[in-house]
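All remarks here apply to the structure that follows.
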Amino acid sequence: MFKPALVIGLGGTGVLTLRHLKAELLGSKERKMPPQVRLVALDTVKEEGSSGEATTDLAALRTELDVGEYYWIGGDIYDYARDIARDKERKPENRKYPHVGSWYQAEQYLSALPRASFTLERGAGQLRQFGRLAVFHDVQTPAMSGIFDRLDTAITEIRDTGLVGGLDVYLVASVAGGTGAGMFVDIAHLVRRIASVKHNIPVT
């Protein structure tokens, strides 16, 4: 019997780990995913499995993540970055992004990087601020946030299996890249907020 758990993979390392885990779970005697275990992969690579590792002959790399398990949080963030840079010219009381402008070095990246770097389809280019910016860009409007929706849906599905007590949540990411290393702290905060505030479920 598997314990209720939410496993969140961030970036390429997180995605690969979730595929390994899914392969192991599907290889158990039940031959199916336990209903009380949910996988959520978040990455700035547009196509799951397109990071170049798929040529390796491993069972995990032949195990696909379902549509509901994989969410691409990339896209074109150029206008968002420009708006953050312009935000610093506004009076403090009129600023739209003080929570982002305090850490995102918008002017530096806009002047130093080509336009294409702001289209996150093949990863964050080992730029941790881009990985984190992708999260903030997605959750600007919670009702339209794909991250919020995926995490909320996963927690709801686990709860509906008869969850008693707290929920074990595991975050898997590399600290060397841009996507996972850039977003793991914010995702940890977000999942705790969703579980405790919306569902009244303590997270461990």
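The values are calculated or read from the model by the stated rules, or taken from the named source; none is laboratory data. These numbers come from a predicted model, not from an experiment. Positions of Cβ are backbone-derived with ideal geometry, glycine not excepted, and every protein chain shown enters the neighbour counts. Note: accessible area is taken over every heavy atom of the protein model, side chains too, but ligands, DNA and RNA are not part of it. Shrake-Rupley method; radii C 1.70, N 1.55, O 1.52, S 1.80 Å.
Some observations on this one:
- In the condition set (1) among the aliphatic types (A, V, I, L, M); (2) touching a residue at least 40 places away in the same chain (Cβ under 8 Å); (3) part of a helix (DSSP H, G or I), LEU163 is compliant with all but (3).
- For GLY177, the conditions (1) closer than 26 Å to SER117 by Cβ; (2) in a helix (DSSP H, G or I); (3) not polar (S, T, N, Q) are fulfilled apart from (2).
- Residues of the stretch 142-178 classified as open to solvent by less than 70 Å² (accessible area, probe 1.4 Å) and at pLDDT below 90, total: 1
- Some residue of the stretch 193-202 being open to solvent by less than 30 Å² (accessible area, probe 1.4 Å) and touching a residue at least 60 places away in the same chain (Cβ under 8 Å): no
- Residues that are under 16 Å from ARG128 (Cα atoms), out of contact with any Phe, Trp or Tyr (no Cβ under 8 Å at 6 or more places or on another chain) and in a helix (DSSP H, G or I), drawn from the stretch 90-106: GLY101, ALA106
- Test: residue in the stretch 47-63 that is open to solvent by 20 Å² or more (accessible area, probe 1.4 Å), more than 21 Å from VAL185 (Cα to Cα), at pLDDT 85 or above and not in a strand (DSSP E or B): no
- Cβ pairs under 7 Å, 6+ apart, first in the stretch 17-43 and more than 19 Å from ALA195 (Cβ to Cβ) and touching a residue at least 40 places away in the same chain (Cβ under 8 Å), second part of a helix (DSSP H, G or I) and not hydrophobic (A, V, I, L, M, F, W, C): ASP43/GLY11; ASP43/GLY12; ASP43/THR179
- Subset of the stretch 119-139 [assigned to a helix (DSSP H, G or I) and under 15 Å from TRP72 (Cα atoms)]: PHE130, GLY131, ARG132, LEU133, ALA134, VAL135, PHE136, HIS137, ASP138
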